[in-house]
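The values are calculated or read from the model by the stated rules, or taken from the named source; none is laboratory data. Computed from a predicted model, the values in this text were never measured in an experiment. So basically every Cβ, Gly included, is an ideal-geometry build from the backbone, and we count neighbours across all protein chains shown. Surface accessibility is based on the protein's heavy atoms, side chains included, excluding ligands, DNA and RNA. Shrake-Rupley method; radii C 1.70, N 1.55, O 1.52, S 1.80 Å.
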Amino acid sequence: MKICIINGPNLNLLGKREPEVYGSLTFEEYFTSLQIKFPAIDFVYFQSNIEGELIDKIQEYGFTYDGIILNAGAYTHTSIGIGDAIKAITTAVIEVHISNTFSRESFRHQSYISGNAKGVILGFGLQSYELAVHSFVL
(Lines give C-alpha, C1' and ligand atoms only; values in the text may rest on other atoms or scores of the structure.)
Protein backbone atom coordinates (compact mmCIF):
# COMPACT_ATOMS: atom_id res chain seq x y z
CA MET A 1 0.00 0.00 0.00
CA LYS A 2 1.22 3.49 -0.90
CA ILE A 3 0.06 6.56 1.03
CA CYS A 4 1.13 10.15 0.46
CA ILE A 5 0.93 12.69 3.26
CA ILE A 6 0.72 16.28 2.05
CA ASN A 7 1.00 19.18 4.48
CA GLY A 8 0.31 22.79 3.66
CA PRO A 9 1.45 26.17 4.96
CA ASN A 10 3.18 26.61 8.28
CA LEU A 11 3.15 22.90 9.08
CA ASN A 12 6.92 22.95 8.57
CA LEU A 13 6.95 24.83 11.90
CA LEU A 14 5.50 21.95 13.94
CA GLY A 15 7.49 21.54 17.13
CA LYS A 16 8.09 25.31 17.26
CA ARG A 17 4.71 26.85 16.39
CA GLU A 18 2.19 27.16 19.21
CA PRO A 19 3.19 23.95 21.02
CA GLU A 20 0.11 24.22 23.24
CA VAL A 21 -2.02 23.68 20.10
CA TYR A 22 0.26 21.66 17.81
CA GLY A 23 2.57 19.81 20.22
CA SER A 24 6.35 19.72 20.51
CA LEU A 25 7.23 17.11 17.87
CA THR A 26 8.37 18.09 14.41
CA PHE A 27 6.41 16.45 11.62
CA GLU A 28 9.56 14.66 10.48
CA GLU A 29 9.85 13.03 13.94
CA TYR A 30 6.21 12.04 13.84
CA PHE A 31 6.51 10.77 10.25
CA THR A 32 9.33 8.44 11.30
CA SER A 33 7.10 7.00 14.03
CA LEU A 34 4.34 6.36 11.46
CA GLN A 35 6.79 4.52 9.22
CA ILE A 36 7.84 2.34 12.14
CA LYS A 37 4.24 1.69 13.23
CA PHE A 38 3.10 0.77 9.69
CA PRO A 39 6.11 -0.97 8.08
CA ALA A 40 4.01 -2.51 5.29
CA ILE A 41 2.98 0.92 3.99
CA ASP A 42 5.15 2.87 1.58
CA PHE A 43 4.79 6.46 2.83
CA VAL A 44 5.77 9.59 0.95
CA TYR A 45 5.73 12.98 2.66
CA PHE A 46 5.57 16.44 1.11
CA GLN A 47 5.14 19.87 2.68
CA SER A 48 4.89 23.26 1.01
CA ASN A 49 3.78 26.76 1.85
CA ILE A 50 2.88 27.27 -1.82
CA GLU A 51 -0.65 26.43 -3.00
CA GLY A 52 0.32 25.45 -6.55
CA GLU A 53 2.95 23.00 -5.31
CA LEU A 54 0.30 21.27 -3.18
CA ILE A 55 -1.97 20.98 -6.22
CA ASP A 56 0.93 19.58 -8.26
CA LYS A 57 1.53 16.84 -5.64
CA ILE A 58 -2.17 16.00 -5.41
CA GLN A 59 -2.19 15.52 -9.18
CA GLU A 60 1.11 13.58 -9.14
CA TYR A 61 -0.07 11.02 -6.56
CA GLY A 62 -3.79 11.22 -7.26
CA PHE A 63 -4.00 8.45 -9.84
CA THR A 64 -1.38 5.96 -8.65
CA TYR A 65 -1.42 5.94 -4.82
CA ASP A 66 -3.83 4.09 -2.54
CA GLY A 67 -4.50 7.16 -0.44
CA ILE A 68 -3.63 10.77 0.23
CA ILE A 69 -3.73 12.29 3.69
CA LEU A 70 -4.01 16.05 3.28
CA ASN A 71 -3.62 18.77 5.85
CA ALA A 72 -3.90 21.85 3.66
CA GLY A 73 -3.59 24.16 6.67
CA ALA A 74 -5.10 27.58 6.04
CA TYR A 75 -5.61 26.73 2.35
CA THR A 76 -8.42 24.46 3.52
CA HIS A 77 -10.53 27.56 4.05
CA THR A 78 -9.48 29.54 0.98
CA SER A 79 -8.42 27.30 -1.91
CA ILE A 80 -11.02 26.38 -4.47
CA GLY A 81 -8.08 25.13 -6.58
CA ILE A 82 -7.10 22.47 -4.02
CA GLY A 83 -10.74 21.40 -3.72
CA ASP A 84 -10.97 21.10 -7.51
CA ALA A 85 -7.74 19.08 -7.64
CA ILE A 86 -9.16 16.56 -5.16
CA LYS A 87 -12.36 16.32 -7.18
CA ALA A 88 -10.34 15.61 -10.33
CA ILE A 89 -8.30 12.65 -9.04
CA THR A 90 -9.23 9.01 -8.43
CA THR A 91 -7.21 8.43 -5.24
CA ALA A 92 -9.20 8.82 -2.03
CA VAL A 93 -8.24 11.80 0.14
CA ILE A 94 -8.65 12.09 3.90
CA GLU A 95 -8.68 15.69 5.12
CA VAL A 96 -6.78 15.99 8.40
CA HIS A 97 -6.34 18.78 10.92
CA ILE A 98 -4.31 18.66 14.10
CA SER A 99 -6.60 21.07 15.95
CA ASN A 100 -10.38 21.09 16.10
CA THR A 101 -11.05 23.78 13.51
CA PHE A 102 -14.61 24.18 14.79
CA SER A 103 -13.32 25.35 18.16
CA ARG A 104 -11.31 28.10 16.50
CA GLU A 105 -12.15 31.24 14.51
CA SER A 106 -15.36 31.06 12.48
CA PHE A 107 -13.54 31.39 9.13
CA ARG A 108 -11.94 28.00 9.88
CA HIS A 109 -15.36 26.32 9.88
CA GLN A 110 -15.47 26.44 6.04
CA SER A 111 -13.57 23.79 4.04
CA TYR A 112 -13.17 23.66 0.28
CA ILE A 113 -11.78 20.13 0.70
CA SER A 114 -14.35 18.27 2.81
CA GLY A 115 -16.99 17.94 0.11
CA ASN A 116 -14.57 16.08 -2.15
CA ALA A 117 -12.76 14.06 0.52
CA LYS A 118 -13.47 10.48 1.58
CA GLY A 119 -13.53 11.71 5.17
CA VAL A 120 -12.37 14.33 7.65
CA ILE A 121 -10.43 13.80 10.87
CA LEU A 122 -9.70 16.73 13.15
CA GLY A 123 -8.85 17.64 16.67
CA PHE A 124 -6.78 14.62 17.72
CA GLY A 125 -3.37 16.27 17.49
CA LEU A 126 -0.81 14.46 15.37
CA GLN A 127 -2.74 11.25 16.02
CA SER A 128 -5.22 12.55 13.42
CA TYR A 129 -2.75 11.32 10.78
CA GLU A 130 -2.60 7.84 12.30
CA LEU A 131 -6.39 7.67 12.35
CA ALA A 132 -6.37 8.58 8.67
CA VAL A 133 -3.91 5.75 7.96
CA HIS A 134 -6.21 3.34 9.76
CA SER A 135 -9.09 4.45 7.54
CA PHE A 136 -7.13 3.20 4.52
CA VAL A 137 -6.03 -0.13 6.00
CA LEU A 138 -9.36 -1.22 7.49
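Just a few scattered comments:
- T91 being under 20 Å from S135 (Cβ atoms), exposed (fewer than 15 other Cβ atoms within 10 Å of the Cβ) and of a type in the set (S, T, Y): no
- Checked against the criterion of being open to solvent by less than 70 Å² (accessible area, probe 1.4 Å), more than 20 Å from A74 (Cα to Cα) and polar (S, T, N, Q), the range 37-58 contains not a single residue that satisfies it.
- Residues (aliphatic (A, V, I, L, M) and modelled with pLDDT of 95 or more) located in the range 93-112: V93, I94, V96
- In the range 112-128, the residues that are more than 20 Å from T32 (Cβ to Cβ) and part of a loop (DSSP other than H, G, I, E, B): Y112, I113, A117, K118, G123
- Filter result for S135 (outside any loop (DSSP other than H, G, I, E, B), touching a strand residue (DSSP E or B) at 6+ places or on another chain (Cβ under 7 Å) and either among the small types (G, A, S) or exposed (fewer than 15 other Cβ atoms within 10 Å of the Cβ) (or both)): yes
- Summed over the range 59-81, the residues that are within 12 Å of the chain's Cα centre (by Cα) and open to solvent by 30 Å² or more (accessible area, probe 1.4 Å) give a count of 2.
- Qualifying positions in the range 50-96 - touching a Ser or Thr at 6+ places or on another chain (Cβ under 6 Å) and touching a residue at least 60 places away in the same chain (Cβ under 8 Å): Y65, I68, T76
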